[in-house]
Amino acid sequence: MTREWVALGTIIMLLGSNIFGFFYSMVVLKTRYLESYVIQAKSYQKAIFSKRMPLFLLNFGLLLAISGTGAYFLYDFMEVTWTSWWIIALQVLFAFILDDVWFYFYHRWMHENKFMLKHIHSIHHRATKPFPLEYLYVHPLEWMMGMIGVAIGFAVILIFMPINLYAFWIFGLLRNLHEIHIHSDLEIPFLCHIPFLSKTKHHDDHHAYLNGNYSSTFVWMDRIFKTTFRN
């Protein structure tokens with residue numbers, strides 16, 4: 001597989017997951033099909049989707065450009081064939097753990113630093129009752145800084161072995177889908193019983209009340225540092 005196909009595959013993975021996010025958002029905003037799973041009783045603002053789209057499109061365009069370019073130049077450090085499933089699974093898990101540790105401290109700092117909260121992170125918190133695509137309704141600097149955790153995770157993996165392309169793609173897909181879902185304001189029974197994974201309500205409470213629940217993928221960092229939100 002050439003570096004061009006690696007870059008293109010990364011872009012296609014992000015396009016596919018966000019097309020899913022678009023239709024997921026339409027179901028949440030325009031239908032009552034999943035109404036029985038809604039967490040917050042409040043209604044969405046009128047025309048909220050069209051108001052959010054300019055910033056989402058800006059961030060999504062930047063995400064595609066940066067991720068595709070990054071994958072292109074990362075090619076020389078990648079194993080581009082399928083290897084043992086357990087190596088791929090370990091790389092995905094390790095990347096998630098390091099990314100989540102970074103996200104916790106970075107996200108908490110965004111709340112505790114008054115300048116960052118007022119001028120950067122407050123944009124994302126305009127979504128008190130979020131819908132799926134609002135995972136990218138953020139200041140561009142915020143999500144770019146958030147990606148440092150991903151870079152740290154794969155950089156540490158690279159110390160010991162090449163980054164497997166499929167681990168890279170699987171991680172990116174699962175991380176994207178999880179971010180989309182935890183901004184859905186829906187507590188869907190099957191998904192909320194996946195062991196160790198943070199539930200939608202965990203992040204939804206963070207949006208509703210602003211403080212606590214700083215973790216994203218897992219919840220153990222909030223439990224360790226006693227920052228789990230208490231209503």
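Coordinate-derived values only; no laboratory data. Fair warning: this is a prediction, and the values are worked out from it, not measured in the lab. Cβ sites come from the backbone with ideal geometry, for glycine too, and all protein chains shown count toward neighbours.
For the reader, a short list of remarks on this structure follows.
- Cα gyration tensor, the chain - rounded (a/c under 1.5), prolate or oblate: prolate
- If you plug the beta carbon distance of residue 113 and residue 223 into 1/(1 + (r/R0)^6) with R0 = 25 Å, you get a FRET efficiency near 0.60.
- Site pair residue 41 and residue 188 shows an inter-label distance of 2.5 nm when each label is modelled 7 Å from Cα along Cα→Cβ.
- Nearest 10 degrees, 0 to 90: helix 165-182 Cα axis against the chain principal axis: 0
- C-alpha long axis of helix 200-209 to longest principal axis of the chain, angle in °: 50
- Here region 54-79 is scanned for amide nitrogen atoms under 17 Å from the site 7 Å beyond the Cα of residue 158 along Cα-to-Cβ, giving 66-79.
- Gap separating the Cα centres of region 38-57 and region 149-220, nearest whole Å: 22
- The packing ranking of peptides 114-123, 161-170, highest mean first, is 161-170, 114-123, where packing means the average number of other beta carbon atoms within 10 angstrom of each residue.
- Highest mean packing first, where packing is the average number of other Cβ atoms within 10 Å per residue, the peptides 72-80, 206-214, 187-195, 131-139 line up as 131-139, 206-214, 72-80, 187-195.
- Checking the cross-link pairs 129/199; 46/114; 118/226; 30/199; 30/51 against a 18 Å limit on the alpha carbon distance flags 46/114; 118/226; 30/199 as lying beyond it.
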